[in-house]
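Below: the structure, in structure tokens.
The values are calculated or read from the model by the stated rules, or taken from the named source; none is laboratory data. Keep in mind that what you see is a predicted model, and the values were worked out from it rather than measured. Every residue, glycine as well, gets a Cβ built from its backbone with ideal geometry; the counts of neighbours run over all protein chains shown.
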Amino acid sequence: MVQPDTNDPVTGPFWLAASEQRLVMSWCERCDCAVWYPKPACPECGGLLHWKTLSGDATLLSWTVVSKTMNPSFNGSYIPALVVPRDAPGTRLVTQLVDCEPAELVCDMPLALRFGMLQPREGDPYMAPLFTPFRLRVGP
Amino acid sequence: MSVSGQSLEQLVRRAGYFDWGSAVPLEDIRGEVAIAGIGETPYSGPSGRNARDLCLEAVAAAIADAGLQPADIDGLMVSKGIADQITPEDFHAHFGTSQPIWFSREGGGMIWAATSAHAAAQALRRGEARHIVNVFAVDWASRRADGRGTPGDWHASEVMKAHFELPFGWYPQPVYFATFARRYMHEFGLTERQLAALPVAFRRHANRHPGAVMREKSLSVEDYLDRAPLADPLRMEDCCLISDGGAAYVYTSVERARDLRQRPVIVEGVGRGIVDGAPYISQQKQITATPQTFAAPWAFAMADANPGELDVIAVYDCFSITALMQIEDMGLCSKGEGGHFIQDGRLDFDRPRSRGGIPCNTHGGLLSHAYVLGIAHVVELVKQLRGEAVNQVENAELAAYAGFTADEGSTLVLRRG
Ligand SMILES: [Zn+2]
């Protein structure tokens with residue numbers, strides 16, 4: 001089962017925000033830092049956590065190209081990755097890279113957030129925060 | 001029984017501090033406990049047997065090897081959560097015995113193949129047991145063949161992994177370690193050809209080892225490079241087998257072991273390390289190192305030895321890259337130099353320390369012997385230190401096992417008695 005659950009009290013807000021094309025992380029206001037993965041309270045100060053929208057800028061920690069036979073939850077090969085959000089550099093987001101060729105990927109390269117639908121082999125598609133290599137837009 | 005030399009403060013000082021994990025403060029048990037008997041089942045693909053049967057067969061073999069009777073066994077250590085293990089009731093039902101048995105679920109394979117020695121030493125100290133069997137078996141090849149589960153099940157059931165990792169396809173375990181291997185290649189320039197040295201050396205050992213699952217299948221570096229990646233840069237040959245099988249060993253005091261049938265193998269040091277933020281390896285601060293980083297210095301401090309003195313090692317090789325990183329993290333070479341270090345047959349059983357080698361996984365490891373989660377690694381080291389191994393290493397006196405569960409690591413230093 002790979003389908004995210006938007007109703008889960010602890011993890012659902014991430015996927016609910018994703019459905020609105022916002023990338024959020026669990027955050028402690030008092031410490032002003034991400035608490036990832038989410039916990040009932042801040043492990044540093046015990047304070048309440050809320051969900052903070054991130055800018056979407058990130059760098060590529062690492063990735064792999066997964067073959068069809070390795071994980072049959074998706075049709076065909078795909079590129080899961082660990083990325084470091086600029087606003088929460090002590091954490092990693094698990095995501096997928098899209099609109100790129102494996103040959104152009106380099107660790108530590110800048111990435112841009114790009115929302116897209118993921119379609120598991122079984123179940124409904126879901127909107128997910130994905131990333132793509134950051135490219136300067138060149139004029140027409 | 002004497003309580004040995006070094007205080008916790010001394011061990012902490014010698015083992016050092018780290019900013020992404022730490023060693024569990026295990027008190028010094030050097031020279032208190034020995035492995036006095038070993039036993040194994042056949043190792044195979046789907047056998048139709050269950051893990052409990054396999055456990056009992058391995059236990060019976062270990063007791064006989066030690067020259068003991070089932071009624072002499074008053075301690076049993078098994079795994080807490082992995083596969084179906086046995087209880088004292090199963091032991092009594094099988095052997096027709098009734099003695100009281102000290103029972104611990106802090107045993108089995110993976111990190112516990114090492115740390116069980118520490119728990120056993122404490123039980124021996126307290127007089128709770130005299131002869132303790134540690135056992136572990138899996139029937140995952142049969143289970144997978146019947147669609148009754150896979151080694152990835154725990155990962156898929158953990159809430160944060162299920163909600164933040166599986167939806168992106170960062171699953172199962174080969175995908176984690178492929179991601180780490182890619183980063184390692186970036187940081188240290190490791191090539192696929194260099195990485196091949198691990199699966200090729202372990203396969204060569206398995207090809208000479210009766211009972212190794214991959215005994216009949218050879219593997220050259222060129223064969224390896226010709227295979228398509230499963231999760232690049234890892235190929236099938238970089239990933240552990242899925243097997244049925246089990247093994248067991250008997251712990252007792254060193255004094256008692258000297259009266260038994262086999263040459264004792266003495267526990268010199270035990271270490272256990274835990275990554276901060278466990279169990280989420282996606283959040284681990286360092287993904288090009290393992291918790292062996294914290295475990296090994298503790299075990300070597302307890303053993304008052306250094307890694308350069310090791311004659312043979314057995315390293316938990318769920319993936320080639322994890323074995324490579326642990327070889328570094330044990331202190332056998334500097335961080336990042338592993339890819340170069342393992343070339344030119346340095347891991348081969350027939351390149352002993354006297355010729356610059358460090359024979360590794362001389363039974364074939366999880367990649368080519370059997371995936372029994374490290375319990376057979378320790379059994380192989382016992383055979384090496386007794387001088388009874390098939391791929392016997394010349395003058396094997398000091399050995400170490402590196403155990404691994406992703407977020408935890410362990411080290412067991414053993415000496416020929
Ligand atoms: Zn806080």
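Output the residue which, of all residues in the range A:40-53 that are more than 10 Å from the ligand (Cβ to nearest atom) and not aromatic (Phe, Trp, Tyr), is farthest from A:Pro9 (Cα to Cα).
Applying the filter and picking the extreme gives A:Thr53.
Say whether the condition of being within 16 Å of the ligand (Cβ to nearest atom) and more than 12 Å from chain B (Cβ to nearest Cβ) is met by at least one residue in the range A:9-24.
No, the range A:9-24 contains no residue that is within 16 Å of the ligand (Cβ to nearest atom) and more than 12 Å from chain B (Cβ to nearest Cβ).
Each row is one residue, and each column tells you yes or no for (1) assigned to a strand (DSSP E or B); (2) of a type in the set (Ser, Thr, Tyr).
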| position | (1), (2) |
| --- | --- |
| B:Ile29 | no, no |
| B:Ala36 | yes, no |
| B:Gly39 | yes, no |
| B:Ser47 | no, yes |
| B:His92 | no, no |
| B:Thr97 | no, yes |
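Applying the selection to the range B:157-171, what residues are more than 7 Å from chain A (Cβ to nearest Cβ) and in contact (Cβ under 8 Å) with a residue 12 or more places away in the chain?
Within the range B:157-171, B:Glu158, B:Lys161 qualify.
Having 3 or more residues that are at pLDDT 95 or above and in contact with a His (Cβ under 7 Å, 6 or more places away or on another chain) is the bar; report the helices (runs of 4 or more DSSP H) wholly within the range B:190-252 that clear it.
In the range B:190-252, there are no helices (runs of 4 or more DSSP H) which contain 3 or more residues that are at pLDDT 95 or above and in contact with a His (Cβ under 7 Å, 6 or more places away or on another chain).
Of all helices (runs of 4 or more DSSP H) completely enclosed by the range B:300-391, which ones contain at least 2 residues that are crowded, with 24+ Cβ neighbours inside 10 Å and in the same structural domain as B:His205 (by TED's automatic domain parsing)?
In the range B:300-391, the matching helices (runs of 4 or more DSSP H) lie at B:320-329, B:365-368, B:375-386.
Within the range B:111-180, considering only helices (runs of 4 or more DSSP H) that don't extend past its boundaries, which have at least 3 residues that are touching a Phe, Trp or Tyr at 6+ places or on another chain (Cβ under 6 Å)?
Here the list reads B:112-125.
To keep it simple, each residue is scored yes or no on (1) modelled with pLDDT of 95 or more; (2) assigned to a loop (DSSP other than H, G, I, E, B); (3) not assigned by TED's automatic domain parsing to the domain that holds B:Asn134.
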site: B:Phe18; (1), (2), (3): yes, yes, yes
site: B:Val59; (1), (2), (3): yes, no, no
site: B:Asp65; (1), (2), (3): yes, no, no
site: B:Ile86; (1), (2), (3): yes, yes, no
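Just one of the numbered conditions (1) under 22 Å from B:Ile281 (Cα atoms); (2) in a loop (DSSP other than H, G, I, E, B); (3) within 7 Å of chain B (Cβ to nearest Cβ); (4) away from the ligand (no atom under 16 Å from the Cβ) is not true of A:Thr69; which one?
A:Thr69 satisfies every listed condition except (1).
If only one of A:Asp57, A:Asp108, A:Asp32 is on the phi > 0 side of the Ramachandran plot, surrounded by fewer than 20 Cβ atoms within 10 Å (Cβ to Cβ) and away from the ligand (no atom under 16 Å from the Cβ), which one is it?
A:Asp108
Given (1) within 11 Å of another protein chain (Cβ to nearest Cβ); (2) surrounded by 12 or more Cβ atoms within 10 Å (Cβ to Cβ); (3) assigned to a loop (DSSP other than H, G, I, E, B), identify the lone condition not met by A:Ala81.
(3)
Touching a residue at least 12 places away in the same chain (Cβ under 8 Å) and within 10 Å of another protein chain (Cβ to nearest Cβ): which single residue out of A:Leu111, A:Leu61 fits that description?
None of the other options fit; the residue is A:Leu61.
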